[in-house]
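The values are calculated or read from the model by the stated rules, or taken from the named source; none is laboratory data. None of these values were measured; they are calculated from a predicted model. So basically every Cβ, Gly included, is an ideal-geometry build from the backbone, and we count neighbours across all protein chains shown.
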Amino acid sequence: MNCIVTGSAGFIGFHVTKKLLEQGHRILGIDSVNDYYAVSLKHDRLKELGIKTDSLRYDEPAASGVFPQFQFVQFRIEEKDRLSNAVNNFIREHGAIDRIIHLAAQAGVRYSLQNPEAYISSNISGFLSILEICRSLRVPLVYASSSSVYGMNTRQPFSVHDRVDHPVSLYAATKRSNELMAHTYAHLFNIPVTGLRFFTVYGPWGRPDMAYYKFSLAISNGEPIDVYNNGEMRRDFTYIDDIVEGVIKAAGHIPSPAPTPCRIYNLGNNHSVELGFFIETLENALGKKAVKRYLPMQEGDVLSTEADIEDTRRDLGWTPHTDIAEGLTAFAQWFKEYKGT
Ligand SMILES: NC(=O)c1ccc[n+]([C@@H]2O[C@H](COP(=O)([O-])OP(=O)(O)OC[C@H]3O[C@@H](n4cnc5c(N)ncnc54)[C@H](O)[C@@H]3O)[C@@H](O)[C@H]2O)c1
């Protein structure tokens, strides 16, 4: 396949790109490489994909020295002309695009309280640019949504058939908006679209703004970790390799046209874990005890998440395989090597 992967310098986009390249697909990776967290980590991921980051030029595609069928280009997806130029140049060189896998977004729940504009720009205007490309090229789209759309819902596990009308962060509201925008385009223009609600993804090359990464950093430096709501929170932590498999399965499964070629699936581990147990498992994986600082619940946070994955199993044949101890061991091993601790 010829694919576009947006967010390919990001955590999930990097892993999806790498797997698709290993499977022999041709990829155009797009990412603005923003500084929401360390740009050096995004550059290191790109280097793993064979991109020389010291000669990266905004808007100019760079070829990979490792994967001959990979090109990477840096710009913001809401820059519509840049997006269509990059896509058209790619098509001229390599032929039609088979799939767009859209993983670029302004991620993070808490940052949406500080910088709401970044979310509207990347996640709403940027998402519209992607939909417009799909519309003009008639390409099926797979895009990232989030478990955060379940917001104040209390019935667990969260099902894709539940109503999701009560988000508790602007981040969640943009992700829910994406689902509604995707439905509209699928209905009006008959474009197959698949939204994936990811549940707390973790693993090697992960995001420094997420709790497991912050905890690991603090634990290795002997600093206290912030444990919200006395650790009485549950999360359906999902390992990156399982997520990658789910994204690729979704890309291989075009939704049937009736009533609208639009589907949403949960990608979660289907087994929620208490934060306290998660920290204990991480301590074991890192071989070091945490110093804990207990704090009240944070704004925008939800108490518990657990995914109902019945539809995902049935339609995509996807089940997660990685338990928390196995996943955190792999993360800790990468973390120690990467940080040299
Ligand atoms: N990691 C998780 O636990 C999780 C959970 C739910 C949903 N998601 C969603 O999955 C997707 C991937 O998340 P991630 O964890 O890899 O995050 P990430 O921040 O590591 O990756 C996102 C990438 O998108 C890029 N980006 C942001 N705005 C852009 C723009 N306007 N134009 C071009 N590039 C832009 C960033 O530079 C970044 O490299 C996102 O849509 C995120 O909202 C992630």
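Condition check for H25 on (1) free of Cβ contacts under 8 Å to residues at least 60 places away in the same chain; (2) out of contact with any strand residue (DSSP E or B) (no Cβ under 9 Å at 6 or more places or on another chain): one failure, at (2). The single condition among (1) surrounded by fewer than 18 Cβ atoms within 10 Å (Cβ to Cβ); (2) more than 30 Å from Q23 (Cβ to Cβ) that F189 does not satisfy is (2).
Consider D165 carefully, then state whether it is under 30 Å from M1 (Cβ atoms), more than 14 Å from the ligand (Cβ to nearest atom), acidic (D, E) and surrounded by fewer than 21 Cβ atoms within 10 Å (Cβ to Cβ).
Values: under 30 Å from M1 (Cβ atoms): no; more than 14 Å from the ligand (Cβ to nearest atom): yes; acidic (D, E): yes; surrounded by fewer than 21 Cβ atoms within 10 Å (Cβ to Cβ): yes.
No.
Within the range 312-328, the set of residues being surrounded by fewer than 16 Cβ atoms within 10 Å (Cβ to Cβ) and either touching a residue at least 60 places away in the same chain (Cβ under 8 Å) or under 20 Å from Y239 (Cβ atoms) (or both) comprises R313, G317, T319, H321, D323, A325, E326.
Okay, residues lined up against (1) more than 8 Å from the ligand (Cβ to nearest atom); (2) modelled with pLDDT of 95 or more:
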| site | (1), (2) |
| --- | --- |
| G7 | no, yes |
| L21 | yes, yes |
| G24 | yes, yes |
| V39 | yes, yes |
| D44 | yes, yes |
| L56 | yes, no |
| V87 | yes, yes |
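Restricting the range 62-74 to residues that are surrounded by 19 or more Cβ atoms within 10 Å (Cβ to Cβ) and not polar (S, T, N, Q), the residue that is farthest from the ligand (Cβ to nearest atom) is F67. Out of the residues in the range 153-198 that are within 21 Å of S272 (Cα to Cα) and of a type in the set (S, T, Y), state the one that is modelled with the highest pLDDT. Top of the filtered list is S159. Can you tell me how many residues within the range 92-148 are assigned to a helix (DSSP H, G or I), at pLDDT 95 or above and away from the ligand (no atom under 12 Å from the Cβ)? Selection size over the range 92-148: 11.
Under the condition of being under 25 Å from N88 (Cβ atoms), out of contact with any strand residue (DSSP E or B) (no Cβ under 7 Å at 6 or more places or on another chain) and in contact (Cβ under 8 Å) with a residue 40 or more places away in the chain, the residues counted in the range 35-67 number 1.
Which residues, counting only those in the range 176-233, are assigned to a loop (DSSP other than H, G, I, E, B) and without any contact (Cβ under 8 Å) to a residue 60 or more places away in the chain?
Within the range 176-233, just M210 meets the criteria.
Going through (1) without any contact (Cβ under 8 Å) to a residue 24 or more places away in the chain; (2) surrounded by 20 or more Cβ atoms within 10 Å (Cβ to Cβ) one by one, I240 falls short only on (1).
Report yes if I77 is surrounded by 20 or more Cβ atoms within 10 Å (Cβ to Cβ), within 21 Å of I133 (Cα to Cα), of a type in the set (V, I, T) and within 8 Å of the ligand (Cβ to nearest atom), otherwise no. Give the derivation first.
Working: surrounded by 20 or more Cβ atoms within 10 Å (Cβ to Cβ): yes; within 21 Å of I133 (Cα to Cα): yes; of a type in the set (V, I, T): yes; within 8 Å of the ligand (Cβ to nearest atom): yes.
It is true that I77 is surrounded by 20 or more Cβ atoms within 10 Å (Cβ to Cβ), within 21 Å of I133 (Cα to Cα), of a type in the set (V, I, T) and within 8 Å of the ligand (Cβ to nearest atom).
Looking at Y202, Y265, Y294, Y213, can you tell me which residue is under 17 Å from F331 (Cβ atoms) and either buried (at least 19 other Cβ atoms within 10 Å of the Cβ) or away from the ligand (no atom under 15 Å from the Cβ) (or both)?
It is Y202.
Residues in the range 136-173 that are in contact (Cβ under 8 Å) with a residue 60 or more places away in the chain and hydroxyl-bearing (S, T, Y): S145, S147, S148, Y150, S159, S169, Y171.
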